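A.B. asks: Right, I'll just put the structure down here and ask away after.
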2 protein chains.
Amino acid sequence: MSRFLTSHAAALPSTVPFTGPEALERQTGVPFRARLGANESLFGPSPHAVAAMQEAAKGAWMYGDPENHDLKQALAAHHGVTPAHIAVGPGIDGLLGLVCRLVLEPGTKVVTSLGAYPTFNFHVAGYGGVLTRVPYRGDHEDPEALLEAARLTGARLIYLANPDNPMGSHHPAAVVEEMVANLPEASLLILDEAYADLAPPGTVPVIAADHPQVIRMRTFSKGYGLAGARVGYAITNPDLALAFDKIRDHFGMSRVAQAGALAALADQAWLQGVRERTVAARVRLAGIALANGLRPLPSATNFVTIDCGRDGDHARRVLAELAALGVFIRMPGVPPLDRCIRISLGDDQTLDILEECLPLALKAAG
Amino acid sequence: MSRFLTSHAAALPSTVPFTGPEALERQTGVPFRARLGANESLFGPSPHAVAAMQEAAKGAWMYGDPENHDLKQALAAHHGVTPAHIAVGPGIDGLLGLVCRLVLEPGTKVVTSLGAYPTFNFHVAGYGGVLTRVPYRGDHEDPEALLEAARLTGARLIYLANPDNPMGSHHPAAVVEEMVANLPEASLLILDEAYADLAPPGTVPVIAADHPQVIRMRTFSKGYGLAGARVGYAITNPDLALAFDKIRDHFGMSRVAQAGALAALADQAWLQGVRERTVAARVRLAGIALANGLRPLPSATNFVTIDCGRDGDHARRVLAELAALGVFIRMPGVPPLDRCIRISLGDDQTLDILEECLPLALKAAG
């Protein structure tokens with residue numbers, strides 16, 4: 001341990017919220033045949049986005065525009081807000097870290113769901129926040145319980161993902177709107193809408209762009225298929241959006257990524273096609289689960305969470321057996337969610353591999 | 001101001017360390033003809049790096065390897081250290097922020113030079129550190145004065161860039177080695193070697209990779225010509241390198257950027273060519289300065305700092321007149337360095353534009 005670390009930093013673990021598939025491949029020496037664990041888009045980004053990045057690569061000697069001007073203009077037009085309502089950052093992961101840094105002091109209370117996005121918890125711990133975790137109700141995050149916990153603890157931050165990861169469930173817009181209407185005065189709601197682009201109609205709530213207590217997070221990593229480019233954005237009131245300028249890495253956005261995101265946003269027809277392929281792939285993946293005696297949960301995302309019907313040890317065995325067969329998936333980390341495995345949607349070729357391997361893995365898992 | 005900000009965050013300004021050239025272009029409505037202000041490499045990245053990024057763009061639906069395994073292996077081999085001595089991050093800017101976060105608490109003392117890299121100061125302020133700024137001696141950062149200030153203040157961090165930005169000067173390796181040998185026990189030295197790839201032979205000090213009190217910063221933004229990709233790395237003892245895992249954005253590196261950096265590193269012949277073109281362009285740029293009655297300072301970097309012979313107001317006028325003619329440059333921010341302007345090296349075509357515009361700008365500046 002370097003003696004120069006603050007006592008807080010020294011006490012933090014040097015752990016990774018998620019192990020990458022490449023690390024698992026290096027451990028086994030065998031590349032995955034099906035990469036279905038990280039909720040990446042196997043349908044890929046728009047060809048126009050790829051072409052834009054390829055063109056921008058020639059200009060990679062230039063820093064990206066630190067103001068993300070063009071992208072913010074386009075996002076504002078897309079969402080019907082002003083550019084002042086938008087903050088662009090290196091993925092939702094990066095933006096969650098920035099929000100935590102802006103809002104948390106050591107001991108500040110934060111509320112999330114037990115089993116929800118671990119990277120948010122990583123950032124909260126990293127800035128000394130104190131987490132209260134509220135159980136899921138069934139397979140859904142529980143807005144009422146989150147609000148109640150926030151009231152009880154005086155939480156400054158509440159985290160809700162809609163649609164949810166890792167369960168793939170969603171609340172209809174009205175439920176989230178009701179939650180927003182009942183936010184405690186002391187609380188800022190982080191509404192993580194990473195999967196909103198793929199959600200069923202009626203999922204995305206109407207929230208005033210100037211609402212002082214809500215920050216929505218969006219990404220190019222899921223529906224737009226640009227996880228490897230690192231572009232996310234927040235939609236919030238201009239005061240809070242401007243506060244990111246106090247601490248963000250102003251030249252931190254890749255010029256290539258900016259170009260890719262701009263082109264991806266412009267190709268809404270591609271996104272619509274991804275939506276349609278997503279719906280079809282959900283049906284097929286659910287069918288594979290059912291054919292193997294497992295229960296697929298309804299999905300509003302680009303993955304299907306599948307109840308293996310037993311406990312976490314069993315689900316972990318299924319996951320390990322799939323990995324041994326070359327299929328990378330992930331699963332929820334805590335009971336009772338960890339009775340499930342989480343499989344990203346794939347193209348037909350990749351789901352063929354899953355279809356072949358799942359019965360073998362289940363048999364081997366016992 | 002959002003009421004959710006911590007008092008520390010609320011007190012930080014929403015300022016940008018540097019205004020980007022794109023913002024200046026939007027203000028004037030006229031694109032720059034010569035982009036010579038950000039010390040980007042007008043010689044560009046290796047064509048192999050461009051090709052690698054173009055290929056990787058097709059796979060941008062995948063997250064990058066969060067362990068940066070392949071790049072760390074290659075960097076370790078290149079520098080004769082182990083991968084455990086390397087931390088990869090989104091540019092030196094991003095890494096400086098992470099080091100500040102690991103090491104600083106509100107009130108922690110930090111020493112840098114008066115007029116040195118503003119983004120470092122931005123991060124120090126962002127984490128509540130208290131800066132002592134030591135004057136340059138002539139046009140060089142002053143290692144003895146930095147050490148003395150660190151001793152007097154009990155500084156936990158000392159920042160030294162070698163070669164230096166914004167003056168372009170450098171210390172020979174022995175001076176830095178002497179500084180390292182005399183570090184106060186309480187101090188960690190950040191040695192920013194962003195321009196080391198372009199420095200004259202004999203500039204890069206020999207420092208034990210396990211030294212507990214030094215962290216070196218390197219980048220693909222300068223010599224390798226990949227500023228828009230956002231890849232930097234630190235070389236330091238494994239304890240400190242590992243500490244980055246406590247707080248870094250594990251999935252924050254662009255997959256496209258990882259591929260570009262790996263290919264750029266492999267093409268040392270290209271870097272050598274850039275070095276040779278850099279030396280030639282320094283000579284030409286110095287000649288342009290001299291032909292206009294200005295004094296070019298010796299440069300160990302990809303820019304030449306030019307003493308305009310009067311005060312900061314005059315130099316700012318020269319800069320503004322050059323901007324009006326379509327030439328983007330920058331200049332040091334504080335006296336007495338701000339008697340100078342700082343012009344990045346260019347290819348011949350771009351230096352032709354500078355050669356044409358500089359006399360006009362000087363005449364207009366009076």
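A.B. asks: Does A:Val16 qualify as being among the hydrophobic types (A, V, I, L, M, F, W, C), surrounded by fewer than 21 Cβ atoms within 10 Å (Cβ to Cβ) and either within 20 Å of the chain's Cα centre (by Cα) or within 18 Å of B:Met253 (Cα to Cα) (or both)?
C.D. replies: On the way: among the hydrophobic types (A, V, I, L, M, F, W, C): yes; surrounded by fewer than 21 Cβ atoms within 10 Å (Cβ to Cβ): yes; either within 20 Å of the chain's Cα centre (by Cα) or within 18 Å of B:Met253 (Cα to Cα) (or both): yes.
Judged against the criteria, A:Val16 is a match.
A.B. asks: Do we find that A:Asn292 is crowded, with 19+ Cβ neighbours inside 10 Å, polar (S, T, N, Q) and more than 30 Å from B:Pro17 (Cβ to Cβ) in this structure? Spell out how you get there, then give the answer.
C.D. replies: On the way: crowded, with 19+ Cβ neighbours inside 10 Å: no; polar (S, T, N, Q): yes; more than 30 Å from B:Pro17 (Cβ to Cβ): yes.
Considered against the rule, which asks whether it is crowded, with 19+ Cβ neighbours inside 10 Å, polar (S, T, N, Q) and more than 30 Å from B:Pro17 (Cβ to Cβ), A:Asn292 comes out as no.
A.B. asks: Do we have any residue at all in segment A:339-348 that's in contact with a Lys or Arg (Cβ under 6 Å, 6 or more places away or on another chain), buried (at least 23 other Cβ atoms within 10 Å of the Cβ) and of a type outside the set (Gly, Ala, Ser)? Steps first, please.
C.D. replies: As a first pass, look at segment A:339-348 and keep what is in contact with a Lys or Arg (Cβ under 6 Å, 6 or more places away or on another chain): A:342.
Going one step further and asking which of them are buried (at least 23 other Cβ atoms within 10 Å of the Cβ), we end up with A:342.
From the residues that got through so far, the ones that are of a type outside the set (Gly, Ala, Ser) too are A:342.
Yes, that holds for at least one residue.
A.B. asks: Tell me, please, whether a residue that is among the polar types (S, T, N, Q), assigned by TED's automatic domain parsing to the domain that holds A:Ala194 and farther than 24 Å from B:Glu25 by Cβ can be found in segment A:86-108.
C.D. replies: Taking segment A:86-108 as the starting set, the residues that turn out to be among the polar types (S, T, N, Q) are A:108.
Okay, now just the ones that are also assigned by TED's automatic domain parsing to the domain that holds A:Ala194, so A:108.
This time we only want the ones that are farther than 24 Å from B:Glu25 by Cβ, so: A:108.
The answer is yes; a qualifying residue exists.
A.B. asks: Among the residues of segment A:35-88, write down those that are in contact with an Asp or Glu (Cβ under 6 Å, 6 or more places away or on another chain) and under 16 Å from A:Ala266 (Cβ atoms).
C.D. replies: Going through segment A:35-88, the residues in contact with an Asp or Glu (Cβ under 6 Å, 6 or more places away or on another chain) turn out to be A:42, A:46, A:48, A:61-62, A:65.
The answer is A:Ser46, A:His48.
A.B. asks: Out of everything in segment B:282-335 that is touching a residue at least 40 places away in the same chain (Cβ under 8 Å) and part of a strand (DSSP E or B), what residue ends up being nearest to B:Ala196 (Cα to Cα)?
C.D. replies: Across segment B:282-335, the extreme among qualifying residues is B:Phe303.
A.B. asks: Hey, another quick one. In the set B:Val279, B:Val274, B:Val256, B:Val283, which member is more than 10 Å from chain A (Cβ to nearest Cβ), buried (at least 17 other Cβ atoms within 10 Å of the Cβ) and at negative phi? If you could, list the steps in order and put the result at the bottom.
C.D. replies: Details: B:Val279 fails: buried (at least 17 other Cβ atoms within 10 Å of the Cβ); B:Val256 fails: more than 10 Å from chain A (Cβ to nearest Cβ); B:Val283 fails: buried (at least 17 other Cβ atoms within 10 Å of the Cβ).
Only one candidate passes the filter, namely B:Val274.
A.B. asks: Modelled with pLDDT under 95 and in contact with a Leu (Cβ under 8 Å, 6 or more places away or on another chain): does that describe A:Gly366? Can you show your working first?
C.D. replies: Numbers: modelled with pLDDT under 95: yes; in contact with a Leu (Cβ under 8 Å, 6 or more places away or on another chain): no.
No, not satisfied.
A.B. asks: A further question on this structure: In segment B:14-67, which residues are part of a helix (DSSP H, G or I), without any contact (Cβ under 8 Å) to a residue 24 or more places away in the chain and either facing chain A (nearest Cβ under 7 Å) or more than 21 Å from A:Asp65 (Cβ to Cβ) (or both)?
C.D. replies: Applying the first criterion (part of a helix (DSSP H, G or I)) to segment B:14-67 yields B:21-28, B:47-58.
Adding the requirement that they be without any contact (Cβ under 8 Å) to a residue 24 or more places away in the chain leaves B:22-23, B:25-27, B:54, B:58.
Scanning segment B:14-67 gives B:Glu22, B:Ala23, B:Arg26, B:Gln54, B:Lys58.
A.B. asks: How many residues does segment B:180-212 contain that are part of a loop (DSSP other than H, G, I, E, B) and closer than 21 Å to B:Asn237 by Cβ?
C.D. replies: Step one: filter segment B:180-212 for residues part of a loop (DSSP other than H, G, I, E, B), giving B:182-187, B:193-195, B:199-212.
Add one more test, that the residue is closer than 21 Å to B:Asn237 by Cβ, and what stays is B:182-187, B:193-194, B:204-212.
Number of matching residues: 17.
A.B. asks: OK, next. If a residue must be buried (at least 22 other Cβ atoms within 10 Å of the Cβ) and among the hydrophobic types (A, V, I, L, M, F, W, C), how many such residues does segment A:135-148 contain?
C.D. replies: 2
A.B. asks: Name every residue in segment B:210-246 that is touching a strand residue (DSSP E or B) at 6+ places or on another chain (Cβ under 9 Å), at the interface with another protein chain (Cβ under 8 Å from one of its Cβ atoms), more than 22 Å from A:Asn68 (Cβ to Cβ) and not polar (S, T, N, Q), in order of residue number.
C.D. replies: B:Pro212, B:Leu240, B:Leu242, B:Ala243, B:Asp245
A.B. asks: Could I ask something else about it? Has segment B:112-121 got at least one residue that is buried (at least 24 other Cβ atoms within 10 Å of the Cβ), touching a residue at least 60 places away in the same chain (Cβ under 8 Å) and within 14 Å of another protein chain (Cβ to nearest Cβ)?
C.D. replies: yes
A.B. asks: Given the conditions (1) within 14 Å of chain B (Cβ to nearest Cβ); (2) without any contact (Cβ under 8 Å) to a residue 40 or more places away in the chain; (3) touching a His at 6+ places or on another chain (Cβ under 7 Å), which single one is not true for A:Gly128?
C.D. replies: In the conditions (1) within 14 Å of chain B (Cβ to nearest Cβ); (2) without any contact (Cβ under 8 Å) to a residue 40 or more places away in the chain; (3) touching a His at 6+ places or on another chain (Cβ under 7 Å), A:Gly128 misses (2) alone.
A.B. asks: Considering only segment B:1-13, state which residues are within 7 Å of another protein chain (Cβ to nearest Cβ) and surrounded by 15 or more Cβ atoms within 10 Å (Cβ to Cβ).
C.D. replies: If the condition is that a residue be within 7 Å of another protein chain (Cβ to nearest Cβ) and surrounded by 15 or more Cβ atoms within 10 Å (Cβ to Cβ), then B:Ser2, B:Phe4, B:Leu5, B:Thr6, B:Ala9, B:Leu12 are the ones that fit.
A.B. asks: Do we have B:Asp249 as facing another protein chain (nearest Cβ under 7 Å), surrounded by fewer than 20 Cβ atoms within 10 Å (Cβ to Cβ), farther than 16 Å from B:Asn162 by Cα and not hydrophobic (A, V, I, L, M, F, W, C) here? Write out each step before concluding.
C.D. replies: On the way: facing another protein chain (nearest Cβ under 7 Å): yes; surrounded by fewer than 20 Cβ atoms within 10 Å (Cβ to Cβ): no; farther than 16 Å from B:Asn162 by Cα: yes; not hydrophobic (A, V, I, L, M, F, W, C): yes.
So B:Asp249 does not fit the description; no.
A.B. asks: Quick one: would you say A:Leu183 is assigned by TED's automatic domain parsing to the domain that holds A:Ala116 and more than 17 Å from A:Gly89 (Cβ to Cβ)?
C.D. replies: Working: assigned by TED's automatic domain parsing to the domain that holds A:Ala116: yes; more than 17 Å from A:Gly89 (Cβ to Cβ): yes.
Spelling it out, A:Leu183 is indeed assigned by TED's automatic domain parsing to the domain that holds A:Ala116 and more than 17 Å from A:Gly89 (Cβ to Cβ).
A.B. asks: Failed condition for B:Ala74, given (1) within 9 Å of chain A (Cβ to nearest Cβ); (2) touching a helix residue (DSSP H, G or I) at 6+ places or on another chain (Cβ under 7 Å); (3) small (Gly, Ala, Ser), with all others met?
C.D. replies: Status for B:Ala74: all satisfied but (1).
A.B. asks: Kindly evaluate B:Leu189 against the criterion of being free of Cβ contacts under 8 Å to residues at least 60 places away in the same chain and facing another protein chain (nearest Cβ under 9 Å).
C.D. replies: For B:Leu189, the condition - free of Cβ contacts under 8 Å to residues at least 60 places away in the same chain and facing another protein chain (nearest Cβ under 9 Å) - is not met.
A.B. asks: Based on what the data block shows, is A:Glu55 in contact with a Gly (Cβ under 7 Å, 6 or more places away or on another chain) and surrounded by fewer than 21 Cβ atoms within 10 Å (Cβ to Cβ)?
C.D. replies: Working: in contact with a Gly (Cβ under 7 Å, 6 or more places away or on another chain): no; surrounded by fewer than 21 Cβ atoms within 10 Å (Cβ to Cβ): yes.
Judged against the criteria, A:Glu55 is not a match.
A.B. asks: Would you mind telling me which numbered condition in (1) more than 28 Å from A:Asp164 (Cβ to Cβ); (2) outside the structural domain of A:Leu322 (by TED's automatic domain parsing) A:Glu25 fails?
C.D. replies: Result: A:Glu25 fails condition (2) only.
A.B. asks: Follow-up question, since we're still on this one. Looking at segment A:132-150, is at least one residue among the polar types (S, T, N, Q), touching a residue at least 12 places away in the same chain (Cβ under 8 Å) and touching a Leu at 6+ places or on another chain (Cβ under 9 Å)?
C.D. replies: First, pick out the residues of segment A:132-150 that are among the polar types (S, T, N, Q): A:132.
Narrowing the set further to residues that are touching a residue at least 12 places away in the same chain (Cβ under 8 Å) leaves A:132.
Retained after the next criterion (residues that are touching a Leu at 6+ places or on another chain (Cβ under 9 Å)): A:132.
Yes, that holds for at least one residue.
The values are calculated or read from the model by the stated rules, or taken from the named source; none is laboratory data. For clarity, every value in this text was computed on a predicted model and none was experimentally measured. Cβ atoms come from the backbone with ideal geometry, glycine included; neighbour counts cover every protein chain shown.
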